[in-house]
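In what follows, a structure is listed as structure tokens, so that the remarks can point back to it.
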Amino acid sequence: MKKFIKNALWILAATLFLAACSDDVDPILGDNTVAPEITAPADGNVAVLLKTDEENLFEVFEWTVADFNLDVVNNYRLEMDFSDANFEKAKTLITTTNLNHTFTVGAFNKALLDAGLEAEKTYTIQLRVVANNYLHSEPITMTVTPYFDVDKWTLIGSAVGGWNLENDQAMKYDSSNETYYLELEMKPGEFKFRAPQKDPSDPWANNMGLNKDNPELVDNGSAIGLKSGGANIKVSGGNYKVRLNVKDETFDIEQTSVAEFTDWTEAKLDAVGTGVSGDNENATADNSGWNWGNVLLADNDGLPAKDGAIYTWTWEGIILETNEGFKLRTLNGEPASNDISFDVGFGVIDVENSTDKVVDAGGNISVSEKGVYNITLTIDAVNGDVKKVIISTPPPKYPEQLFMIGDGVGDWDWNNTDLPMIPVNGTPNLFWKVVWMNETGGFKFAPEKAWGQDFGGDSDAVQEEYAKAGNNIPVPGTAGYYMVVVDLNANKISIAEPKVYLMGNTIGSWDMYNEAGLFTVDNVNEKITITKTLQAGELRMYVSHPYFPENDWWRTEFMILDGVIVPRGNGGDQERVNVAGVETTIDLNFKTMTGSISQ
């Protein structure tokens with residue numbers, strides 16, 4: 001019986017103990033407890049964290065001991081919360097039994113990101129030390145800007161404002177699936193992805209575009225293929241969600257709302273006024289209610305070209321009268337297909353980019369000199385249908401080919417003389433030729449092997465330079481090779497001693513006009529030649545003249561292919577010829593356009 005009573009008392013005591021433990025009761029501490037106090041760092045620090053400093057010391061956090069007046073081991077945690085949150089959603093950065101903790105820049109940055117802060121945003125936070133889940137220090141404040149702990153990827157392009165550094169739209173990083181994402185408004189335009197900070201010397205060194213040769217419109221899609229340096233990605237505008245997978249070189253895009261812009265696609269425009277010359281082939285009298293001079297429809301039957309939300313109308317080769325006014329308007333001054341009508345005058349002229357012949361005629365547009373002009377009118381539907389007009393003079397038209405003829409270089413019969421000049425690559429006003437000239441005679445030029453558009457020079461040469469005119473140009477008087485260059489922009493013709501050079505690795509230099517690569521003109525043997533020990537490599541040769549674009553030697557280079565001198569002209573990179581690193585003789589015969597390489 002005693003044993004039963006004793007066991008019953010133990011059971012009652014245990015029950016009471018468990019009941020007491022189940023209640024949420026704060027621990028009872030003495031009056032002399034002391035909370036920890038943060039002694040370092042100081043309150044109010046400002047820190048912009050940089051990935052380049054990730055191994056460097058950030059701060060040593062230090063605090064005083066917490067005293068509970070109990071024989072216990074203190075466990076401390078460093079907590080963080082936003083400055084106005086009062087630690088209601090505090091995040092623990094570290095736990096320790098020590099009275100200090102050392103953070104590197106990288107470790108503190110990771111702790112902040114793990115706590116929910118976003119990279120490259122500035123926050124004011126509070127930090128405090130809590131001992132044994134109970135006593136806590138007074139908080140200190142700190143202003144911090146974390147960095148991306150992965151490569152920063154951005155969107156950039158006309159769709160987000162431009163292609164400059166300030167237009168980069170930083171993407172957020174989703175560590176759960178190692179992708180970057182961003183929701184943003186985009187204008188009609190183009191964009192690409194890039195990591196502008198990965199190579200500090202070149203923000204474009206790491207960029208990705210469509211796995212295509214040309215830009216394409218992509219408003220929606222998933223797992224769309226990308227490639228390094230790929231094509232621009234076009235969007236029609238609106239709100240988009242974009243997700244980038246750098247590892248897989250793919251992206252997802254979703255257009256969540258469509259941008260609303262004025263549609264000018266079917267709007268026809270015309271030019272109207274007495275300034276529109278009747279000499280224009282398709283000009284007609286203005287029979288609209290304006291009854292003002294002549295009317296000329298814009299190119300493309302009056303309709304615009306469209307690029308995103310930029311609409312462009314052109315009048316190429318329009319003839320304008322001197323000191324007469326005109327305007328540009330919706331067809332006949334009536335509403336276009338979008339029920340909007342407008343007319344514009346001098347007020348929308350882009351003066352800086354227009355010819356200085358454009359003048360203000362009481363608000364109308366006019367020109368100070370009758371002639372042929374190009375007019376471009378653009379409407380930017382993204383920016384409130386802003387209108388801009390540029391009026392320019394067309395660039396001069398140059399012939400695609402030029403021929404020499406005359407008894408100074410052959411004879412005056414087109415059937416016998418075949419001396420095509422060589423265009424300077426990408427420079428339509430310049431032609432060159434190394435030609436053999438006789439002791440006597442003259443020569444002229446023509447854009448085709450026929451008379452009618454032929455030309456020569458004036459009668460007086462200045463240092464063998466002639467102004468373009470109609471006279472025959474006399475040969476210098478000594479038979480031999482001469483360099484002839486025609487500049488159709490400056491209307492000049494030059495006759496000079498040929499300058500032919502080697503270039504590149506075979507002479508150990510990519511500098512122009514290097515004497516080590518200069519050929520000798522050997523008129524006795526009717527050749528231009530060089531003999532020297534070359535380094536092994538690709539043989540590169542060019543001709544030089546003061547008229548040519550400076551430093552662009554490749555525009556006038558040539559090769560010897562199968563014994564034939566082949567100028568580059570307006571072509572692309574030529575087939576290469578490799579030579580060994582031995583003594584080499586190169587002979588060039590520009591009379592027959594043949595050459596040889598002897599090693």
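The values are calculated or read from the model by the stated rules, or taken from the named source; none is laboratory data. Source: prediction; values computed, not measured. Virtual Cβ from ideal backbone geometry, glycine too; neighbours counted across all protein chains shown. All accessible areas refer to the heavy atoms of the entire protein, side chains included, with ligands and DNA or RNA removed. Shrake-Rupley method; radii C 1.70, N 1.55, O 1.52, S 1.80 Å.
The strands (runs of 3 or more DSSP E) falling completely within segment 506-550 that include 1 or more residues that are more than 23 Å from Glu465 (Cα to Cα) and hydrophobic (A, V, I, L, M, F, W, C) map to 527-533, 540-543.
Looking only at residues in segment 155-183 that are hydrophobic (A, V, I, L, M, F, W, C) and open to solvent by less than 20 Å² (accessible area, probe 1.4 Å), which one is farthest from Ile310 (Cα to Cα)? Out of the qualifying residues, it is Met171.
Residues in segment 348-392 that are touching an Asp or Glu at 6+ places or on another chain (Cβ under 6 Å) and among the charged types (D, E, K, R): Lys357, Lys370, Lys388.
Only one of Leu99, Leu78, Leu70 is modelled with pLDDT of 95 or more and under 16 Å from Asn133 (Cβ atoms); which?
Working: Leu99 fails: under 16 Å from Asn133 (Cβ atoms); Leu70 fails: modelled with pLDDT of 95 or more.
Answer to the check: Leu78.
Condition first: touching a residue at least 24 places away in the same chain (Cβ under 8 Å) and in contact with a helix residue (DSSP H, G or I) (Cβ under 6 Å, 6 or more places away or on another chain). Can you find one or more residues in segment 488-501 that meet it? Looking through segment 488-501, at least one residue is touching a residue at least 24 places away in the same chain (Cβ under 8 Å) and in contact with a helix residue (DSSP H, G or I) (Cβ under 6 Å, 6 or more places away or on another chain).
The set of residues from segment 223-240 being in contact with a Ser or Thr (Cβ under 8 Å, 6 or more places away or on another chain) and over 14 Å from Lys187 (Cα atoms) comprises Ala223, Ile224, Gly225, Leu226.
Would you check if Glu120 is open to solvent by 40 Å² or more (accessible area, probe 1.4 Å), assigned by the TED database to the domain that holds Asp84 and among the acidic types (Asp, Glu)?
It is true that Glu120 is open to solvent by 40 Å² or more (accessible area, probe 1.4 Å), assigned by the TED database to the domain that holds Asp84 and among the acidic types (Asp, Glu).
As an exercise: evaluate Glu59 against (1) touching a helix residue (DSSP H, G or I) at 6+ places or on another chain (Cβ under 8 Å); (2) outside any strand (DSSP E or B) and give the number of the one condition it does not meet. For Glu59, the exception is condition (2). Residues in segment 504-537 that are within 20 Å of Pro567 (Cα to Cα), of a type outside the set (S, T, N, Q) and loosely packed, with under 13 Cβ neighbours inside 10 Å: Trp510, Tyr513.
With the condition kept exactly as written, say whether any residue in segment 565-574 is out of contact with any helix residue (DSSP H, G or I) (no Cβ under 6 Å at 6 or more places or on another chain), of a type in the set (Asp, Glu) and modelled with pLDDT of 95 or more. Checked against the condition, which is being out of contact with any helix residue (DSSP H, G or I) (no Cβ under 6 Å at 6 or more places or on another chain), of a type in the set (Asp, Glu) and modelled with pLDDT of 95 or more, segment 565-574 yields no hits at all.
Looking only at segment 353-384, filter to residues that are of a type in the set (A, V, I, L, M, F, W, C) and open to solvent by less than 30 Å² (accessible area, probe 1.4 Å); which one of those is farthest from Ile319 (Cα to Cα)? Checking each candidate, the answer is Ala381.
So that you can scan it fast, the table gives a plain yes or no per residue for (1) touching an Asp or Glu at 6+ places or on another chain (Cβ under 9 Å); (2) more than 27 Å from Met404 (Cα to Cα); (3) modelled with pLDDT of 95 or more:
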position	(1), (2), (3)
Lys492	yes, no, yes
Gly504	yes, yes, yes
Leu518	no, no, yes
Lys532	yes, yes, yes
